[in-house]
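Peer 1: Here's a structure for you.
The values are calculated or read from the model by the stated rules, or taken from the named source; none is laboratory data. No experiment lies behind these values; they were computed from the predicted model shown. FYI the Cβ positions are ideal-geometry reconstructions off the backbone, even for glycines, and counts take in every protein chain you see.
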Amino acid sequence: MRIMAFDYGTKRIGIAVTDPMQLIATSLTTIHPEEIWTFLADYLQKEEVETFVVGKPLQMDGTASQSAQHIVGFIRKLKKTYLAIPVVEIDERFTSKMAASVIAQSGMKKQRRQEKGLVDTVSATIILQTYMDSKAF
């Protein structure tokens, strides 16, 4: 069974998943928030997901950031819609900066590096990898 992670934004949601053995975190896609429920319904018909991991934006002092209110609603609906799949929240304070750094160092062509959704899917992958690393101990 896979683990699926979300980097939730009001314009785009970056999504990453593990392989079925949960060894590797991979970027999956970026979609508009309005399309998330249709996307999940389709995806979950084909693949089994054991856990949802959602990046939660915190401020430096650990309190919720302004964008956290959107994520609270997303998490609430996720839990209500998919009762059997636990939702784990992960601190995502530095994932966008880390993603931008990874992309800059990747050797990708400039046009690919500037795709808006790329940072979101890489951020989701970092969120997922952080969760996987925390489970390993």
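Peer 1: Check VAL54, VAL49, VAL17, VAL87 and return the single one that is modelled with pLDDT of 90 or more, in contact with a strand residue (DSSP E or B) (Cβ under 6 Å, 6 or more places away or on another chain) and surrounded by fewer than 16 Cβ atoms within 10 Å (Cβ to Cβ).
Peer 2: Testing whether each residue is modelled with pLDDT of 90 or more, in contact with a strand residue (DSSP E or B) (Cβ under 6 Å, 6 or more places away or on another chain) and surrounded by fewer than 16 Cβ atoms within 10 Å (Cβ to Cβ) leaves just VAL87.
Peer 1: In region 57-84, what residues are modelled with pLDDT of 85 or more, of a type in the set (Gly, Ala, Ser) and more than 14 Å from MET4 (Cβ to Cβ)?
Peer 2: The one that is modelled with pLDDT of 85 or more, of a type in the set (Gly, Ala, Ser) and more than 14 Å from MET4 (Cβ to Cβ): GLY73.
Peer 1: Which of the residues that make up region 6-27 are not charged (D, E, K, R) and not in a strand (DSSP E or B)?
Peer 2: Those that are not charged (D, E, K, R) and not in a strand (DSSP E or B): GLY9, THR10, PRO20, MET21, GLN22, LEU23, ILE24.
Peer 1: Could you list all residues from region 1-14 that are of a type in the set (A, V, I, L, M, F, W, C) and crowded, with 18+ Cβ neighbours inside 10 Å?
Peer 2: ILE3, MET4, ALA5, PHE6, ILE13, listed by residue number.
Peer 1: For region 12-41, enumerate the residues that are within 19 Å of HIS70 (Cα to Cα) and in contact (Cβ under 8 Å) with a residue 60 or more places away in the chain.
Peer 2: If the condition is that a residue be within 19 Å of HIS70 (Cα to Cα) and in contact (Cβ under 8 Å) with a residue 60 or more places away in the chain, then ARG12, ILE13, GLY14, ILE15, THR30 are the ones that fit.
Peer 1: Which number in (1) part of a helix (DSSP H, G or I); (2) at pLDDT below 90 marks the one condition that THR38 misses?
Peer 2: Only one criterion is unmet by THR38, namely (2).
Peer 1: Please enumerate the residues belonging to region 41-54 that are outside any strand (DSSP E or B) and not aliphatic (A, V, I, L, M).
Peer 2: Once the filter is applied, which keeps residues that are outside any strand (DSSP E or B) and not aliphatic (A, V, I, L, M), region 41-54 yields ASP42, TYR43, GLN45, LYS46, GLU47, GLU48.
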